[in-house]
1. Please compute the volume of the convex hull spanned by the alpha-carbon atoms of the range B:108-249 and report it per residue in Å³.
2. When the Cα centres of the range A:93-161 and the range B:176-249 are compared, how far apart do they sit, in Å?
3. What is the magnitude of the charge dipole of the range B:190-249 about its Cα centre, with +1 placed on the Cβ of each Lys and Arg, -1 on the Cβ of each Asp and Glu, and no other charges, expressed in debye to the nearest 20?
4. Starting with the fewest neighbours, write out A:L122, B:L139, A:L137, A:L155 ranked by other beta-carbon atoms found within 10 Å of each beta-carbon.
5. If R0 is 45 Å, what FRET efficiency do you get for B:D49 and A:K45 from their C-beta distance, rounded to 0.05?
6. Cross-link list A:K54/A:K152; A:K56/B:K66; A:K70/B:K55; A:K27/A:K71: which exceed 19 angstrom alpha carbon to alpha carbon?
7. At q = 0.18, 0.24, 0.26 Å⁻¹, what base-10 log of I(q)/I(0) does the Debye formula yield for the range B:2-52 when every alpha carbon is treated as an equal point scatterer in vacuo?
8. Hey, got the dipole for the range B:11-71? About the Cα centre, +1 on K and R Cβ, -1 on D and E Cβ, debye to the nearest 20?
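What follows draws every value from the coordinates through simple rules; no lab data is involved. Since this is a predicted model, take the numbers as computed values, not measurements. Methodologically, a virtual Cβ is constructed for each residue, glycine included, from the backbone with ideal geometry; neighbour enumeration extends over all protein chains shown.
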Amino acid sequence: MAEGDNEQLVEKFYAPLYRFGLSLSRKEADACDLVQQTFCTWAAKGHQLRDKSKVKTWLFTTLYRDFLAKKRHDARFVETENEADFVEPLHIAPSVVESIDAAIVQKALHLLDERYRAPVTLFYMQQHSYREIAEILAVPIGTVMSRISRGKAELRTALSDTTALEARKIVRIEGGQAHG
Amino acid sequence: MDNREAYSILSLHRPEEPALDEGRLQEALRKVEADPELAQWWKAERELDAIIAAKLTSTQLPADLKSRLLSPAPMRTRVVRSSWSRAVLAAAASIVVLGVIFSSWRGPFQTAVSLADYREEMVSFIKVPPNLELQSSDLARLKTFLEKADAPAQFALPKNLQAYEPVGCRVLRFRRHDVSLVCFKIGGDRLAHLFVADAKSVPTKGSASAPVFAAENDWMTATWTENGQSYLLAVRGDRAAAERFLGDS
């Protein structure tokens with residue numbers, strides 16, 4: 001693949017890949033590593049991809065596999081199947097909705113159980129169909145949907161908790177003596 | 001279809017994407033028309049989904065990430081393991097599986113790691129310029145950062161490395177243990193990388209007075225142990241390139 005194509009690819013996908021990497025790894029430096037490694041792998045193996053319409057899925061799949069490989073390397077990571085039935089999402093108060101920002105969303109995503117974090121992030125990035133998410137995560141589409149369903153419910157709880165925590169931090173700084 | 005089932009279908013419905021079960025979706029949509037409470041829930045659900053999606057995609061990007069990706073080095077460098085080391089890893093994985101099987105009567109299983117594993121993994125982090133968590137030329141500031149991150153921070157630099165200016169640091173993980181990485185500018189774009197870990201957690205060999213040298217592709221590494229800390233210095237080049245930064249701390 002030509003140098004110019006690589007540049008276009010970086011231009012188009014580095015931001016969503018970084019955001020996906022950040023939600024997985026929780027650390028900016030690790031997310032940067034994942035993105036860098038993904039493009040290195042592309043530079044080395046991208047020519048093997050025959051269907052160029054699959055580049056986006058290929059890049060996300062590669063990043064996710066690298067993350068899993070690193071994680072398994074670091075500590076034994078057991079993927080368990082414990083798919084729950086649909087859980088009715090928690091109602092979120094309007095005050096919570098108003099105070100949601102990018103940092104709070106990332107913090108809330110980090111609180112999610114490992115198996116829900118990746119599909120929920122991909123769902124909210126709105127760049128992938130359910131089939132593509134299933135392909136990236138290498139799980140059946142039904143599993144993806146039940147994980148997103150459960151993960152969305154968990155995310156709402158996490159958003160409420162995180163927003164409350166952030167509000168307490170603000171009170172502590174402004175008030176100087178509030179308990180937190 | 002009860003409300004619970006309708007919630008389940010509607011919360012995952014994306015208008016732009018064909019439903020997996022169109023019949024059940026249509027049934028859920030009819031239920032929305034007939035049930036104001038369900039309709040109100042779905043409206044709030046979609047609004048919140050839109051807010052979360054918008055906030056997620058507005059996550060700030062590191063200022064230099066794009067330029068680093070577009071710089072020639074990362075696209076040309078290939079960070080993959082050799083087929084030999086893949087075979088070794090495959091063999092190691094088999095040993096791990098056997099170990100887990102036997103652990104029921106042999107106590108908790110500890111994965112054996114070698115100095116070569118540690119060296120290879122640490123060098124793999126720096127084959128492309130590492131992403132640093134804190135960039136600073138102030139060593140004291142870097143140590144404070146590492147201390148706050150509960151990573152090894154009470155380390156002593158080799159005498160000759162003290163003359164060089166640090167550029168930053170980050171915390172890495174090796175087999176569940178924190179490893180501090182501090183990078184030093186050694187001329188031009190070149191960096192020397194010092195990895196510090198608790199000596200009990202990584203299999204470093206050598207002592208402060210007699211470091212052990214080993215090549216890792218085009219990198220030369222020196223490892224030693226001093227006051228309970230394990231050190232690994234990595235620079236591009238030969239043994240002489242590494243030796244010039246050493247000397248008793």
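1. Considering the Cα atoms of the range B:108-249, their hull volume per residue is 104 Å³.
2. 41 Å
3. Its charge dipole is roughly 60 debye.
4. Starting with the residue having the fewest Cβ neighbours, the order is B:L139, A:L137, A:L122, A:L155.
5. In this case the efficiency is close to 0.80.
6. From A:K54/A:K152; A:K56/B:K66; A:K70/B:K55; A:K27/A:K71, over 19 Å: A:K54/A:K152; A:K70/B:K55.
7. Debye intensities relative to I(0), on a log10 scale: -0.53, -0.93, -1.06.
8. For the range B:11-71, the charge dipole is close to 380 debye.
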